[in-house]
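First the structure, in the form of structure tokens, and then the observations on it.
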Amino acid sequence: MKRIAILTSGGDAPGMNAAIRAVVRTGTFHGLTMFGVNRGFHGLMYHDFIKLTVNSVGDIIHRGGTILRTSRSKEFRNAHMRMRAKEALDYFGIDVLFVIGGNGSLRGGYELAATGVNIIGIPASIDNDIPGTDKAIGFDTAVNTVLEAINRIRDTATSHERIFIIEVMGRESGQIALAAGLAGGAESILVPELPFDIDDVVKRINSGIARGKLHSIILVAEGCCSAIQLGKKIEKMSRQETRVTVLGHTQRGGTPTAADRILASRMGSYAVEMFLAGHTNQMIGAAGPELVMVDLQDVVDGSCEFDREIYQLARILSI
Ligand code: F6P
């Protein structure tokens with residue numbers, strides 16, 4: 001009987017639990033034995049395995065976070081610690097390790113595969129910056145969380161006729177800022193992928209005021225610049241009262257949206273089916289409505305294109 005181990009690693013993402021549930025239940029359906037590894041690669045190196053059954057994953061589909069806990073393991077970057085992780089998998093007789101996480105975690109899986117371990121990756125990151133997949137689990141929920149915040153801030157911004165700078169997550173990725181900015185009607189969207197011009201931001205604020213706009217919302221990805229510093233500069237340049245809200249880790253928690261639960265359920269189940277069909281060292285990706293397999297090598301070597309058309313659309317619609 002084949003044995004599957006699952007771990008979640010890196011920043012948690014809403015929908016990780018739904019993915020764990022889908023892997024465990026599909027594996028059980030096919031008669032496989034399922035294990036969970038606590039705290040990501042850390043637990044792998046320190047033999048922190050638990051048996052997972054159909055019941056272990058009951059009542060979790062709606063929960064944010066991850067029941068397996070997570071970590072960002074620096075130790076795992078050492079080759080000898082990865083050998084230790086392989087030994088743990090051999091000790092438990094594991095045939096394949098499912099890694100649920102973002103770019104750092106998938107790279108960790110790729111490096112572990114070099115020791116001879118079979119790996120299947122499932123992309124989960126609110127940043128949605130994983131090469132080889134249109135969507136990562138958790139992104140839709142994070143965007144909706146930001147949108148809810150924008151809606152609330154808009155009310156108070158209008159009442160006080162203020163400018164609001166809202167900082168969202170994304171050290172290297174402007175995906176959350178772009179999607180929430182378009183959906184929330186932000187006047188300016190500042191992302192790490194593109195240079196920005198503060199004069200243009202202020203010009204857009206002023207032209208909005210000139211045609212009677214009662215507020216301005218500027219969405220800034222954390223990797224772009226400090227929202228607090230930006231707020232001070234904009235207040236000075238525009239001479240308008242300005243406030244800053246940093247949404248921070250509120251974006252990582254919360255119950256996953258239907259879209260994230262469905263994506264996680266499909267990806268988790270497909271991952272098991274693909275392993276049973278003989279595939280390893282692949283990541284599951286979403287290509288439009290289809291699920292596909294992407295070589296882990298291509299994931300670690302790849303990069304994500306920033307959607308300039310959507311960016312331009314957001315600019316046009318918020319004149
Ligand atoms: O998981 C991705 C992410 O949320 C990024 O958007 C953010 O920059 C980072 O993680 C924050 O990580 P941590 O919670 O470890 O500070």
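Values quoted throughout were computed directly from the atomic coordinates according to the rules given, and no laboratory measurement underlies them. Just so you know, these numbers come straight off a predicted model, no measurement behind them. Cβ coordinates were reconstructed from backbone atoms using ideal geometry, including for glycine residues, and neighbour counts include every protein chain displayed.
What residues qualify as long-range amide H neighbours of ALA124, i.e. H under 5 Å apart, gap of 5 or more or another chain, H built at 1.01 Å from N?
Amide H neighbours of ALA124: GLY101, GLY102, ILE137.
Where the only charges are on Cβ atoms (+1 Lys, Arg; -1 Asp, Glu), what is the dipole of region 151-303 about its Cα centre, to the nearest 20 debye?
900 debye
Can you tally the net charge around GLU172? Count Lys and Arg as +1, Asp and Glu as -1, for every other residue whose Cβ sits under 10 Å from the Cβ of GLU172.
Charge balance near GLU172 sits at -3.
Karplus couplings for region 183-192 from phi (6.51 cos²θ - 1.76 cosθ + 1.60, θ = phi - 60°), rounded to Hz, Gly and Pro as x?
5, x, x, 5, 6, 9, 10, 10, 10, x
Can you check what the net charge comes to around ARG266, using other residues whose Cβ is under 15 Å from the Cβ of ARG266 (Lys, Arg +1; Asp, Glu -1)?
Counting the neighbours of ARG266, the net charge comes to -1.
Size of the dipole of region 24-124 about the Cα centre, Lys and Arg at +1 and Asp and Glu at -1 on the beta carbon, nothing else charged, in debye to 20?
That gives region 24-124 a dipole magnitude of about 300 debye.
What nm distance separates the two modelled labels at GLU172 and ILE198, each placed 7 Å from Cα along Cα→Cβ?
About 2.7 nm separates the two model spin labels.
Determine ³J(HN,Hα), in whole Hz, for all residues of region 56-72 in sequence, where each value follows from phi through the Karplus function 6.51 cos²θ - 1.76 cosθ + 1.60 and θ = phi - 60°; x replaces Gly and Pro.
4, 10, x, 6, 10, 4, 9, 9, x, x, 9, 5, 8, 6, 8, 7, 10
What are the residues whose amide H is under 5 Å from the amide H of PHE35, where those residues sit 5 or more places off or on another chain and H is modelled from the backbone?
Under 5 Å from the amide H of PHE35: ILE4, ALA5, ILE6, LEU52.
Label points 7 Å out from Cα along the Cβ direction at THR156 and PHE306: separation in nm?
Placing both labels 7 Å beyond Cα along the Cβ direction yields 2.9 nm.
Rounded to the nearest 5, what is the percent of antiparallel bridges among the DSSP beta bridges in the chain? Could you put the intermediate results ahead of the total?
Working: 10 of 41 bridges.
The antiparallel proportion sits near 25 percent.
Could you go through region 221-228 in sequence order and give the Karplus-derived ³J(HN,Hα) for each residue, using 6.51 cos²θ - 1.76 cosθ + 1.60 with θ = phi - 60°, rounded to whole Hz, and x for Gly and Pro?
Each residue's phi maps through the Karplus curve to give 6, 4, x, 7, 5, 6, 5, 5 Hz.
Where the only charges are on Cβ atoms (+1 Lys, Arg; -1 Asp, Glu), what is the dipole of the chain about its Cα centre, to the nearest 20 debye?
That gives the chain a dipole magnitude of about 800 debye.
Report the one residue of LEU112, MET274, GLY170 whose Cα lies farthest in the direction of the positive end of the charge dipole of the chain (charges on C-beta: Lys and Arg +1, Asp and Glu -1; origin at the Cα centre).
After comparing all options, I get GLY170.
Please find the FRET efficiency linking ILE50 to ALA210, where r is the Cβ-Cβ separation and R0 is fixed at 51 Å, and quote it to the nearest 0.05. Mind showing how you got there, number by number?
Values: r = 62 Å, r/R0 = 1.21.
Calculated value: 0.25.
Quick one: what does P(r) look like for region 140-252 with 10 Å bins over all Cα pairs, in whole %?
Taking all Cα pairs of region 140-252, the binned fractions are 16, 53, 29, 2 percent.
Taking the alpha-carbon centroid of each part, what is the distance from region 168-215 to region 234-268 in angstrom?
Value for the Cα centre distance between the two parts: 14 Å.
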